[in-house]
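Read through the structure below, which is laid out as structure tokens, and then see the notes.
The values are calculated or read from the model by the stated rules, or taken from the named source; none is laboratory data. The structure displayed is predicted, hence computed values, not measured ones. Using ideal geometry, Cβ is built from the backbone for each residue, glycine included, and neighbour counts are taken over all protein chains shown. Surface accessibility is based on the protein's heavy atoms, side chains included, excluding ligands, DNA and RNA. Shrake-Rupley method; radii C 1.70, N 1.55, O 1.52, S 1.80 Å.
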Amino acid sequence: MLSLISPETRVPADHPLRGIKRLADEVLSRLTDAFEVLYSSTGRPSIPPENLLKSTVLMALYSIPSERRFCEQLDYNLLFRWFLDMGWWTRGLTIRCFRKTASGCLSITWRIFTEVVELARERKLLSSEHFTVDGTLIDAWASMKSFKPKGGQKKPPKDDDSDGGSRNSGSNFRGEKRSNQTHESTNDPDARLYKKSKGSAARLCHMGHALMENRHGLLMDIRVTQANGRAERETAIQMLDETLPGSGRLTLGADKGYDTHDFVEQYRTRNVTPHVSQNTRRKGGSAIDERTTRHNGYRTSQRVRKRVEEIFGWLKEVGGLRKSRFVGQEKTQLAATLAGAAYNLLRISRLVSPQPAL
């Protein structure tokens, strides 16, 4: 049968995905040299890595939980095929395409994110002076049953343990003390047992970190590290040194968890004004005094810094980062970087061409 209908004619001219597609294509066109390395010169035609990366952006935008589910929807979703420049007759992707190309895409994922940030800078959407840093927990792809003593030492079964020899046997941890020093997860060794605040339950997780510019709430940097009590402050210093080197006088907003004397001193030696929320309950008092709090800019930073929670909310609820679908810190970083790029593309498209009010 002959058909002259293309996916382009079926997508409305005012569809929000059109602006995101234009920006994504512009970013990927700047990375042609990196993609050439991923193509094979022998065998059958290669799956374009650009399509796989754009597919990951679609998964983040439409909250698709897995590559397998996306491949299923690609067979009948005309909008997805249009976004990937695929005709309705073109053969879809398979789960093997993502798995075989994932290792090669790890090296250029960060370049994609930085190119999206550069795209925002060219359109004069980024602040050059005022920023915010914060951290959050990302649940690991591991259950508490996998948190076992190091070295393969098995504890003797208790009297109330049932079906102890089955694959999904019951576990009774009552009365047993478990910590990261003595236990580790057999499913994800990079995960750590950690809780964000007092009164909350400890869980196996990674820690995510975001550096936001305060003008339009765009992501400047996103990183995944092991979860511990120092990770937020140490990663904030790294992001400052590597993402904003030599940028002149800056202000950096943060919550009470960053209010320590050594952290504040490190920022001041880097010509950064620490707009950190005061923690008056900390032993030794707050490291932030009236030199900082007396200015109106400090109060403005304290109000604007809460927008970083909107980023975390989008990444978790829409971008699928509430619980990592990958094992290990490296692959979780890959998912976080692409989800952060998708968030920035969505935000830039709305800022460049605002959607009419309903």
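Which residue is modelled with the lowest pLDDT, if the candidates are limited to segment 19-33 and must be surrounded by fewer than 16 Cβ atoms within 10 Å (Cβ to Cβ) and under 17 Å from Asp85 (Cα atoms)? My answer is Thr32.
Can you spot a residue in segment 34-48 that is charged (D, E, K, R) and either at pLDDT 80 or above or surrounded by 17 or more Cβ atoms within 10 Å (Cβ to Cβ) (or both)? Scanning segment 34-48, I find no residue that is charged (D, E, K, R) and either at pLDDT 80 or above or surrounded by 17 or more Cβ atoms within 10 Å (Cβ to Cβ) (or both), so the answer is no. Scan segment 289-315 for residues that are charged (D, E, K, R) and touching a residue at least 40 places away in the same chain (Cβ under 8 Å) and report the count. Of the residues in that region, 4 qualify.
Flag: Thr269 matches the condition of being open to solvent by 70 Å² or more (accessible area, probe 1.4 Å) and of a type in the set (S, T, N, Q).
Taking residues in segment 182-199 that are without any contact (Cβ under 8 Å) to a residue 24 or more places away in the chain, and partners anywhere that are part of a loop (DSSP other than H, G, I, E, B) and surrounded by 14 or more Cβ atoms within 10 Å (Cβ to Cβ), the pairs with Cβ atoms closer than 6 Å and at least 6 places apart or on different chains are Lys195/Ala202. The residue that is least open to solvent (accessible area, probe 1.4 Å), counting only those in segment 100-128 that are at pLDDT 90 or above and among the charged types (D, E, K, R), is Glu115. So, Val133, is that one out of contact with any Pro (no Cβ under 9 Å at 6 or more places or on another chain), within 30 Å of Leu211 (Cβ to Cβ), at pLDDT 80 or above and not in a loop (DSSP other than H, G, I, E, B) or not? In short, yes.
Does Arg281 satisfy being closer than 22 Å to His209 by Cα, at pLDDT below 90 and open to solvent by 60 Å² or more (accessible area, probe 1.4 Å)? No. Within segment 113-129, the set of residues being in contact with a His (Cβ under 9 Å, 6 or more places away or on another chain) and in a loop (DSSP other than H, G, I, E, B) comprises Leu125, Leu126, Ser127. When segment 306-318 is examined, which residues are found to be of a type outside the set (Val, Ile, Thr) and open to solvent by less than 10 Å² (accessible area, probe 1.4 Å)? Once the filter is applied, which keeps residues that are of a type outside the set (Val, Ile, Thr) and open to solvent by less than 10 Å² (accessible area, probe 1.4 Å), segment 306-318 yields only Leu315.
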